[in-house]
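The values are calculated or read from the model by the stated rules, or taken from the named source; none is laboratory data. The structure presented is a predicted model; accordingly, all values stated were derived computationally and were not measured. All Cβ positions, glycine included, derive from the backbone under ideal geometry; neighbour counts span all protein chains shown.
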Amino acid sequence: MLGLKLPTDPRWVNIVEKNVDEILTDHAYCEQKAANSAISLIIGYPEKSELVTAMTDLAQEEMSHFKMVHELILKRGFTLGRERKDEYVRALQSFFPKGGSRETHLVHRLLIAGLIEARSCERFRLLSEELEDVELRKFYRKLMISEAHHYTLFLKLARQYAPEGVDVDKKWQALLDHEAQLIKNLGKQETIHG
């Protein structure tokens, strides 16, 4: 369903289980960055009413997820650690060439956001099925469903706002191929995407 070309190595779950406080901190910041990204799209494209409405709802939902993760951190006796750089997201953001029209740049941003959500969904599914911790399995199952909706939303918006002559599906497949190469070297850290 997600279209990802390479699945996460299941051994990543073992890393997560040994570093629950680290993964929860990283996850909390992923949710906060997703909210920031939605707000940035509103600021950058205020004239696109459907986009603004969708990103307003998304920003609120992502912040509610941040709150849920933070509450889980506190419940487990941890504190929110410092934000980490997300090399996965940086590598995705560098895929499309700089420049081009404002509309093409929007399509690129939407496709990257969709892929981040798709990979998060895949990782949450893995956690919901493989973690020994029952509470965390249930927690990630619930979030997995939201992430799948977000992924499809971004793809729908990319197709809707693509300028004439821009082949969104071709760009999406190229981005998926690039991401598969990235993911070969990831899955070795206690981060959602690393």
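The figures follow:
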quantity	calculated
Condition met for LYS67 (of a type in the set (Lys, Arg), at pLDDT 95 or above and in a helix (DSSP H, G or I))	yes
Failed criterion for ARG109 (all others in (1) within 23 Å of ILE43 (Cα to Cα); (2) surrounded by fewer than 19 Cβ atoms within 10 Å (Cβ to Cβ); (3) modelled with pLDDT of 95 or more hold)	(2)
Residue ID - farthest from ARG84 (Cα to Cα), chosen from residues in segment 1-30 that are assigned to a helix (DSSP H, G or I) and among the aliphatic types (A, V, I, L, M)	VAL13
Filtered residue count, segment 117-140, keeping only those that are crowded, with 18+ Cβ neighbours inside 10 Å, without any contact (Cβ under 8 Å) to a residue 24 or more places away in the chain and either of a type outside the set (Gly, Ala, Ser) or not in a helix (DSSP H, G or I) (or both)	3
Total residues in segment 102-150, condition touching a Phe, Trp or Tyr at 6+ places or on another chain (Cβ under 7 Å) and over 18 Å from GLU190 (Cβ atoms)	13
Neighbours by Cβ (under 9 Å, 6+ apart or cross-chain): first from segment 154-171, closer than 20 Å to VAL52 by Cα and free of Cβ contacts under 8 Å to residues at least 40 places away in the same chain; second of a type in the set (D, E, K, R) and surrounded by fewer than 18 Cβ atoms within 10 Å (Cβ to Cβ)	ARG159/ASP169
Residue satisfying all of: in segment 165-194; within 25 Å of GLU22 (Cβ to Cβ) and of a type in the set (S, T, N, Q); surrounded by the most Cβ atoms within 10 Å (Cβ to Cβ) among these	THR191
MET63 closer than 15 Å to LEU111 by Cα and aliphatic (A, V, I, L, M)	no
Some residue of segment 84-101 being assigned to a helix (DSSP H, G or I), touching a Phe, Trp or Tyr at 6+ places or on another chain (Cβ under 9 Å) and closer than 30 Å to ASP169 by Cα	no
Unmet criterion (only one of (1) modelled with pLDDT under 95; (2) in contact with a helix residue (DSSP H, G or I) (Cβ under 7 Å, 6 or more places away or on another chain)) for LEU41	(1)
